[in-house]
Amino acid sequence: MNDSATVTATAHATTHVFDATTVGFEADVLQKSLTVPVLVDFWATWCGPCKTLGPILEKLAADYHGAFVLAKIDVDKEQQLAAAFQIKSIPTVMLAKDGQIVDGFPGALPEGQLREFLNHHGIVPAEPAIDDAPDVAEAPLDPHEQVVRLRAAVAAEPDKDELKLDLALALLKTGATQEAEKLLDALPAKLAVDDRVARARSVLALVAVGRDAPPRQVLEAAIAAHPDDLRARHLLGLRLLLEDEPQAALDQFIEMLRRDRNYDDGLPRRALIDAFATIDDADLVGVYRRKMSSLLF
């Protein structure tokens, strides 16, 4: 994973960190600061000090358990906001409280000084919420193991259509698309409106487009050699979706949109919308819908 992807992935590692945009700044930052302090991090993917400061800020956001929230603003994508706040260098950090910007500083400070800055404004770590407590979750079943288990369940209860739907979804994860499609086609009308069926149909459509795509390593090499190879980015995004790496896939589609929104009659936007239909993670989809909107509008 490259550095910019690492920053993005880290930025969403906690519920106390979010991407702020020009469109949502008033509500997401200033209005939100009426109830909780908002630390605003102006950064960019190419900025070396940002790669040092960003993870520290995100760690503090997690450590403080909601005593403040961290708004990340990519100055390249949100140039209007950067201009409005007269950002001359990055990283620049600002603090919003009670509906207005009250303080800030340029540059990457060490963690100790960041804690002193927060303490100066009365921001101290909160007690962990119940939802913040670490969960001891069972390891997810391997898709092939799920298929074996669900085949046995369907054989035991052949009239239970919900089990057939579960089996079809598991088969999709193993790449057995033809068998999955037959099961979906045989489902009764009452299940045809199930959101999971709609997502499965969207996955099948993506499979049809990406079936003949080159191997992932070939596509990655092509992009490394020619970053503007948007066809390779599209095919790689499809492969990543099918390999259950939705965020990495969306990063490819967003990069397509950033480089050329009109490519192939609007393919970057279509790819994002199609991908949203396949991803069962509302928070992730919401983040990338906002990214798409910020690039389009």
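Every read-out reported here was derived from the displayed coordinates using simple, explicitly stated rules and does not represent laboratory data. Remember, predicted model here, so these are calculated numbers, not experimental data. Cβ coordinates were reconstructed from backbone atoms using ideal geometry, including for glycine residues, and neighbour counts include every protein chain displayed.
Taking the chain as a Gaussian network of alpha-carbon nodes connected by springs under 10 Å, the highest mean-square fluctuation of the residues LYS173, LYS32, LYS160 belongs to LYS160. Note on the chain: GNM, Cα springs under 10 Å; of ALA20, ALA62, ALA83, the largest mean-square fluctuation is that of ALA83. Taking only the C-alpha atoms of segment 143-210, the Rg (one decimal) and the largest Cα-Cα distance, Dmax (whole number), read 11.4, 36 Å. I need the shape label for segment 216-296. Rule: rounded when a/c is under 1.5, else prolate if a/b > b/c, else oblate, with a, b, c from the alpha carbon gyration tensor. Cα axes put segment 216-296 in the oblate bin.
May I ask for the net charge around ASP251, where only other residues with Cβ less than 11 Å from the Cβ of ASP251 are counted and Lys, Arg are +1 while Asp, Glu are -1? Combined, the nearby Lys, Arg, Asp and Glu give +1.
Taken over the chain, lysine pairs spaced eight or more positions apart, or on distinct chains, with alpha carbons under 23 Å apart number 27. Name the long-range amide H neighbours of ASP19: under 5 Å, sequence gap of 5 or more, or other chain; modelled H, no Pro or chain starts. Residues meeting the criterion, in which the H sits 1.01 Å from N, are LYS72. Quick check: net charge around THR21, other residues with Cβ under 13 Å of its Cβ, Lys/Arg +1 and Asp/Glu -1? Taking every Cβ under 13 Å from that of THR21, the sum is -1. For segment 57-68, backbone phi angles converted through the Karplus equation (6.51, -1.76, 1.60; θ = phi - 60°) give residue-by-residue couplings of 4, 5, 5, 5, 4, 6, 5, 8, 6, x, 5, 8 Hz, Gly and Pro being listed as x. If R0 is 45 Å, the Cβ-Cβ spacing of ASP98 and ARG196 corresponds to a FRET efficiency of close to 0.55.
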